[in-house]
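*Asks:* Below you will find the structure I want to go over with you.
The values are calculated or read from the model by the stated rules, or taken from the named source; none is laboratory data. Worth saying up front: this structure is predicted, and the values here are computed from it rather than measured. Every residue, glycine among them, receives a Cβ derived from its backbone with ideal geometry; neighbour counts consider all protein chains shown.
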Ligand code: T46
């Protein structure tokens with residue numbers, strides 16, 4: 001599975017860094033919603049679901065965490081720790097975010113408004129939805 005990343009140019013000077021993310025220019029969808037998670041407790045993992053339609057870009061603007069992506073056939077596990085880098089999470093991807101270091105802020109740019117019906121929380125249902133064979137590993 002190929003992980004798609006976007007580079008957001010930091011505008012740095014003697015004061016520090018500033019990153020601007022512009023609609024349609026920086027990422028391949030209209031940004032309809034922005035949310036972020038912070039104060040994630042040690043040992044906690046988040047996500048454990050997929051989306052039917054939602055596309056997102058994740059940017060770890062402070063600290064570090066890991067992201068596991070699973071398309072039903074393959075898995076990739078990457079570290080997010082660069083505030084100038086966005087990772088694309090397409091629809092129909094199982095995602096788990098974990099290993100948050102203290103002070104981590106994970107920013108998410110989303111293609112749709114919040115729609116609870118868009119979530120798939122059951123891993124077996126996700127595999128069925130994407131037409132994949134049951135995965136050899138259990139969900140982590
Ligand atoms: C995703 C990963 C990366 C809202 O009220 N509005 C929102 O826009 C969102 C995203 C969440 N919420 C509420 C729903 C729950 O009561 O905030 C609470 C925590 O959300 P959730 O348990 O879904 O958080 P995560 O970290 O498991 O998943 C989130 C997104 O929901 C999801 O779309 O892809 O981050």
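*Asks:* How about segment 7-36: which of its residues are within 16 Å of the ligand (Cβ to nearest atom), closer than 15 Å to residue 86 by Cα and assigned to a strand (DSSP E or B)?
*Replies:* 34, 35, 36
*Asks:* Test of understanding: among 70, 99, 118, which residue is more than 12 Å from the chain's Cα centre (by Cα) and over 24 Å from residue 24 (Cα atoms)?
*Replies:* 99
Rundown of residues vs (1) surrounded by 16 or more Cβ atoms within 10 Å (Cβ to Cβ); (2) modelled with pLDDT of 95 or more; (3) outside any strand (DSSP E or B); (4) within 12 Å of the ligand (Cβ to nearest atom), yes/no style:
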| residue | (1), (2), (3), (4) |
| --- | --- |
| 68 | yes, yes, no, yes |
| 86 | yes, yes, no, no |
| 109 | yes, yes, no, yes |
| 112 | yes, yes, yes, yes |
| 134 | no, no, yes, no |
| 138 | no, no, yes, no |
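*Asks:* With respect to residue 79, determine if the residue is closer than 20 Å to residue 4 by Cβ and away from the ligand (no atom under 15 Å from the Cβ).
*Replies:* On the way: closer than 20 Å to residue 4 by Cβ: yes; away from the ligand (no atom under 15 Å from the Cβ): yes.
So residue 79 fits the description; yes.
*Asks:* Inside segment 114-123, can you point out the residues that are part of a helix (DSSP H, G or I) and surrounded by 11 or more Cβ atoms within 10 Å (Cβ to Cβ)?
*Replies:* If we filter segment 114-123 for residues that are part of a helix (DSSP H, G or I), which is where we start, we get 116-118, 123.
118, 123, listed by residue number.
*Asks:* Contact list please: Cβ distance under 7 Å, first residue in segment 28-41 and under 18 Å from residue 5 (Cα atoms), second residue assigned to a loop (DSSP other than H, G, I, E, B) and at pLDDT 95 or above, pairs at least six apart or on different chains.
*Replies:* 29/55; 29/111; 30/111
*Asks:* When you scan segment 11-24, do you find a residue that is closer than 26 Å to residue 124 by Cβ, touching a residue at least 40 places away in the same chain (Cβ under 8 Å) and over 11 Å from the mean Cα position of the chain (by Cα), even just one?
*Replies:* no
*Asks:* What pairs come up if the first residue lies in segment 104-129 and is in contact (Cβ under 8 Å) with a residue 60 or more places away in the chain, the second is in a helix (DSSP H, G or I) and within 9 Å of the ligand (Cβ to nearest atom), and their beta carbons are under 9 Å apart, counting only those six or more places apart or on different chains?
*Replies:* Pairs found: 112/118.
*Asks:* What is the number of the single condition among (1) surrounded by fewer than 19 Cβ atoms within 10 Å (Cβ to Cβ); (2) within 11 Å of the ligand (Cβ to nearest atom); (3) not in a strand (DSSP E or B) that residue 54 does not meet?
*Replies:* Exception for residue 54: condition (1).
*Asks:* Moving on to the next point. Taking residue 98, is it in contact with a strand residue (DSSP E or B) (Cβ under 8 Å, 6 or more places away or on another chain) and surrounded by fewer than 14 Cβ atoms within 10 Å (Cβ to Cβ)?
*Replies:* Details: in contact with a strand residue (DSSP E or B) (Cβ under 8 Å, 6 or more places away or on another chain): yes; surrounded by fewer than 14 Cβ atoms within 10 Å (Cβ to Cβ): no.
It is false that residue 98 is in contact with a strand residue (DSSP E or B) (Cβ under 8 Å, 6 or more places away or on another chain) and surrounded by fewer than 14 Cβ atoms within 10 Å (Cβ to Cβ).
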